[in-house]
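See structure below.
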Amino acid sequence: MPMSLPVDKALRKAQSHIKVGELAEAEELYKQVLLKYPKNKKAIQGYQKLKAGITSKNALTIEPPQELIDEAISLYNQGQFKELLSKVDPLLSLFPKATALFNLQGACNAALQNHDSAIDSYKQAIRIQPDCAEAYCNMGASQNDKGDLDAAIGSYKRAIKIKPHYADAHSNMGNTLKENGDFDAAIDNYRQAIKINPSYAEAYCNMGNALQQKGQLNAAIDSYKQATKIKPDYAKAYYNMGAALQEQNEITASINNYKKAIKIKPDYAEAFNNMGTSLQQIDELGLAIKSYEQAIKIKPDFAEAFNNMGSALTDRGDLGASIESCKKALEINPSYFEAYSNMGVAWQQKGDLDTAIESHKQAINIKPDYAQAHLNLSFALLNNGMIKEGLEEFEWRWKAKSFNSRKRNFSKPIWNGTESLRDKKILIWGEQGISDVIIWSSCLTHLASQAKHCTLECQEKIVSLIARSFPDIDVRVNNAEKDAVRDDFDLHLPLGSLFRYFIPEVSSNTKAVLVPDPVRVKYWKQRLKSLGQGPFVGISWKSPLITQSRSPNYTQISDWEPVFSLGKVTFINLQSTNFKDDLIEIYDRFGITVHNFDDLDHYNNIDDVAALSAALDVVVSVFTAVAAISAEVGTPTKFINWRQSPWSNLLYTPPGPSVRLFERDTWETWDEVFQAIARNLKEY
C-alpha cells in the first residue's frame with residue numbers, strides 16, 4: 001500500500017512495532033519507505049536488523065518484496081534503465097542474494113550496451129542460484145551482442161539443459177547460430193521454440209530471416225506471414241517480408257509490406273530506405289528519393305539512405321546532388337565502400353573519368369573483393385582508353401550480383417588465354433544480349449584457328465546468322481541444363497572475355513564479319529526499290545528497354561528533325577518493338593513516312609533483319625542491336641552515342657570501318673549530333 005506517513009514518523013513507528021514484537025507491521029513500514037526511497041540509509045539499516053532477527057513464519061526471503069520487483073519491471077519496460085539501476089544497486093545491499101535483482105541489473109546494463117557489466121550480473125545470479133536458466137539465457141544474449149558467439153551458444157545450452165522446454169533459450173540460440181552462419185541449426189532451434197510455444201511470433205520472424213539467408217525465399221515469406229498472423233502489428237515481420245519479396249523481384253508486394261511496416265511504426269527509417277530501393281527498381285525515382293529523404297529525416301545519420309539516394313539521383317541525372325549525397329554518406333561512415341563506387345558512377349557521367357577511377361579504387365582499397373566496384377572501374381578505365389586494365393577488371397563481373405543469373409557452372413576448366421588449344425575442344429558461350437554476341441563475335445575466327453574444335457552457344461534467334469558467318473564453328477542454342485555433367489569440350493570461355501586475349505586483333509579489325517543470306521538481301525533490295533528512289537536509310541531511335549538511368553543513351557522523335565528535314569531520303573524502320581505510335585508521330589510532326597515492313601518480325605527474325613540492313617544504303621541508330629547488325633554486315637552505320645555511358649567503349653561499340661561515331665556529352669542536347677548526321681547524309 002502507498003505511504004501515508006512522513007518518512008521520519010514511519011521509521012519511528014516501525015521501531016515502536018519492533019519493541020512490542022509486531023515484526024510484520026514493522027516490516028510493512030520499512031517496505032513502504034524503501035519502495036519510495038530505496039537509498040534511505042535508516043530504512044535499509046532498520047530493515048537489515050529486522051531481517052537478521054526474524055525467525056517466525058513471516059521471515060523475509062532472499063528475494064525482495066514483489067512490489068519492488070513489479071516496480072522495477074515497470075521501469076525496465078518504460079526504458080528507464082539508468083533510473084532502474086540507481087534503485088537496484090542499493091536494494092542489492094539489502095538483498096545480496098536476490099537473483100531477480102541481479103537479472104534486472106544485467107538486463108539494464110545489456111540495454112545500455114554495457115555487456116561486460118551485464119555478464120557479471122548474470123554470473124552473480126548463477127553463483128547464488130546455479131539452476132537459474134533465465135540468467136544463463138540472458139547471459140547468452142549479452143555474450144552474443146558482445147560478439148562472443150561460442151560462449152553465447154554454451155550459455156543457451158546450459159539454460160536448455162536446466163529447462164528443456166525453454167522457448168526463449170531455443171529462439172535466442174537460433175539467433176546466435178544464424179549469426180554464426182549455421183542456418184540449418186538455427187532453423188532447428190526456431191522450430192523447437194515454436195513447438196514449445198506455437199504463438200511465438202518472434203521465432204517465426206527470426207526463422208524467416210534464416211530461411212531467407214539460405215535462399216529459401218518462399219519458405220521465408222511463409223514464416224513471416226505466420227508471424228504477422230500471430231502478431232498483426234509486427235512491423236519487423238512486414239519489413240522482412242518486404243525484403244524477401246524484393247529479392248524475388250515481387251516489387252509491388254514488397255512495397256505494400258514496407259508500407260504496412262511504416263503504418264505500424266511511422267518512424268521506421270529502415271523500412272522507408274528499403275521501400276526507396278524497391279521504388280527505384282521500378283524506375284519510380286521521384287518517389288524513391290522522397291522515401292530516402294523520409295528515412296534521413298527520421299535518422300539523420302543514416303549513411304545507407306544517403307548512399308541510396310545518391311544512386312537514385314544519378315539515375316535521374318542529378319549528378320551534382322548525387323555526389324553530395326554520397327559525400328554525406330561518407331562523412332557519416334568514412335569506410336562506406338559502396339558510396340565511393342556510387343560516387344564514381346556519378347563522376348563518370350559528369351565526364352571526369354580520372355576522379356571516377358580514383359573513387360572506384362578507393363572503394364576497392366576499403367573492400368578489395370567488392371565486385372561491383374571492380375566492374376564499375378572496368379567501364380571507367382575502358383572509357384578512358386585504358387584497354388588492358390579495363391578488360392582485366394571486367395572479369396570481376398562474375399562475382400557481381402547483377403551477373404549471378406548469367407553465370408554457367410561447368411565442371412570443365414575455363415581457358416586462361418595462354419594454354420595451347422591445338423588439340424583442344426573449346427566452348428564459347430554468349431553471356432549477354434544479341435548485340436554483345438555480334439560485336440564480340442569478331443574474335444571468333446582468331447580463336448577458332450587455334451583450336452581443334454570450337455563451339456559457340458548463343459540465343460536461338462541469331463544461330464542461323466552466326467553459323468553462316470562462321471562456317472568453321474559449331475553454333476548452337478544456349479542450353480545450361482546439363483552444364484555440370486557435360487563432356488563434349490575440354491575448355492570453355494564466356495564470349496565477353498575474348499577481347500581480353502585478342503586486343504591487337506580487335507584494334508586492327510577492318511572488315512565486317514556477318515554474312516547475311518544473299519537470297520534475302522536480293523529480296524530486300526527489290527522490296528526497297530518498290531518504295532521509290534534511294535538513298536534508303538534505316539533508322540532506330542530507342543531501345544526496347546528504357547529506364548531513366550538508360551534514357552541518356554536514347555533519343556526523342558523531336559531530336560531527329562535535322563535528319564527528317566533532308567528530303568529525297570526514303571526512311572526504313574529498324575526499330576524492333578513499340579514503334580507504331582512513333583511512326584505516326586513522325587508523319588504528323590514532319591510529314592515523313594518511315595516505311596515499316598509489317599511481315600518482318602524485327603525482334604525475332606534477326607537473320608532477315610541482317611539481310612534488310614545489308615540491302616540499305618545507310619543505317620542511323622542509337623545504342624541497340626540494330627547498330628551492331630548493320631555495322632557487321634558492312635552497311636555504313638551512323639552510330640549515335642552518349643559519350644559518358646558506361647558502354648561507351650570498345651566492348652560495346654560496333655566495330656569496323658563502316659561505322660562513324662556521333663557523340664554528345666551528358667550536359668549537351670542531341671542537336672549538334674543530328675545536325676552533323678544530316679550534313680553527312682547529304683553525301684548520299
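The values are calculated or read from the model by the stated rules, or taken from the named source; none is laboratory data. Predicted, not measured: the structure shown is a model, and the values here were computed from it. Here the Cβ is made from the backbone with ideal geometry for all residues, glycine too, and neighbour counts use every protein chain on show. To get the accessible areas, we keep the full protein, side chains included, count just its heavy atoms, and leave off ligands, DNA and RNA. Shrake-Rupley method; radii C 1.70, N 1.55, O 1.52, S 1.80 Å.
Quick notes
- Restricting ALA288, ALA237, ALA295 to those that are in a helix (DSSP H, G or I), within 25 Å of SER199 (Cβ to Cβ) and among the small types (Gly, Ala, Ser) reduces the list to ALA237.
- ALA371 satisfies every condition listed in (1) among the hydrophobic types (A, V, I, L, M, F, W, C); (2) surrounded by fewer than 20 Cβ atoms within 10 Å (Cβ to Cβ); (3) more than 25 Å from ASN249 (Cβ to Cβ); (4) in contact with a Phe, Trp or Tyr (Cβ under 9 Å, 6 or more places away or on another chain) except (3).
- When we screen ALA203, ALA253 for residues that are small (Gly, Ala, Ser), free of Cβ contacts under 8 Å to residues at least 24 places away in the same chain and open to solvent by less than 40 Å² (accessible area, probe 1.4 Å), the only hit is ALA253.
- Cβ pairs under 6 Å, 6+ apart, first in the range 322-335 and more than 8 Å from ASN307 (Cα to Cα), second acidic (Asp, Glu): ILE332/ASP301
- Considering ASP283, ASP267, ASP301, ASP315, the condition of being outside any helix (DSSP H, G or I), of a type outside the set (Phe, Trp, Tyr), touching an Asp or Glu at 6+ places or on another chain (Cβ under 9 Å) and open to solvent by 10 Å² or more (accessible area, probe 1.4 Å) is satisfied by ASP283 alone.
- The set of residues in the range 399-438 that are under 22 Å from the mean Cα position of the chain (by Cα), open to solvent by less than 60 Å² (accessible area, probe 1.4 Å) and without any contact (Cβ under 8 Å) to a residue 60 or more places away in the chain comprises ALA400, PHE403.
- Any chance LEU68 is surrounded by 21 or more Cβ atoms within 10 Å (Cβ to Cβ), modelled with pLDDT under 80, under 30 Å from GLY46 (Cβ atoms) and in contact with a Pro (Cβ under 6 Å, 6 or more places away or on another chain): no
- ALA125 fulfils the conditions (1) open to solvent by less than 40 Å² (accessible area, probe 1.4 Å); (2) farther than 30 Å from LYS42 by Cβ; (3) of a type in the set (A, V, I, L, M) except for a single criterion, (2).
- One residue stands out among those in the range 86-102 that are in a helix (DSSP H, G or I) and open to solvent by 30 Å² or more (accessible area, probe 1.4 Å): the one that is farthest from TYR76 (Cα to Cα), which is SER93.
- Within the range 399-414, the set of residues being out of contact with any Asp or Glu (no Cβ under 9 Å at 6 or more places or on another chain) and modelled with pLDDT of 90 or more comprises ALA400, ILE414.
- Selected residue [more than 22 Å from the chain's Cα centre (by Cα) and open to solvent by 10 Å² or more (accessible area, probe 1.4 Å)] from GLY385, GLY390: GLY385
- Failed criterion for SER630 (all others in (1) modelled with pLDDT of 95 or more; (2) surrounded by fewer than 24 Cβ atoms within 10 Å (Cβ to Cβ); (3) more than 36 Å from the chain's Cα centre (by Cα) hold): (2)
- As a summary of the residue check, GLY567 satisfies the conditions (1) open to solvent by less than 50 Å² (accessible area, probe 1.4 Å); (2) touching a helix residue (DSSP H, G or I) at 6+ places or on another chain (Cβ under 7 Å) except for the one numbered (2).
- For THR637: the one exception among (1) without any contact (Cβ under 8 Å) to a residue 24 or more places away in the chain; (2) within 30 Å of HIS374 (Cβ to Cβ): (2)
- Criterion: open to solvent by 50 Å² or more (accessible area, probe 1.4 Å) and more than 24 Å from ILE546 (Cα to Cα) - qualifying residue of ASP617, ASP588: ASP617
- Residues of the range 317-369 satisfying the condition of being touching a His at 6+ places or on another chain (Cβ under 8 Å) and more than 23 Å from SER549 (Cα to Cα): ILE364
- Looking across GLN80, GLN105, one residue alone is free of Cβ contacts under 8 Å to residues at least 12 places away in the same chain and surrounded by 14 or more Cβ atoms within 10 Å (Cβ to Cβ). It is GLN80.
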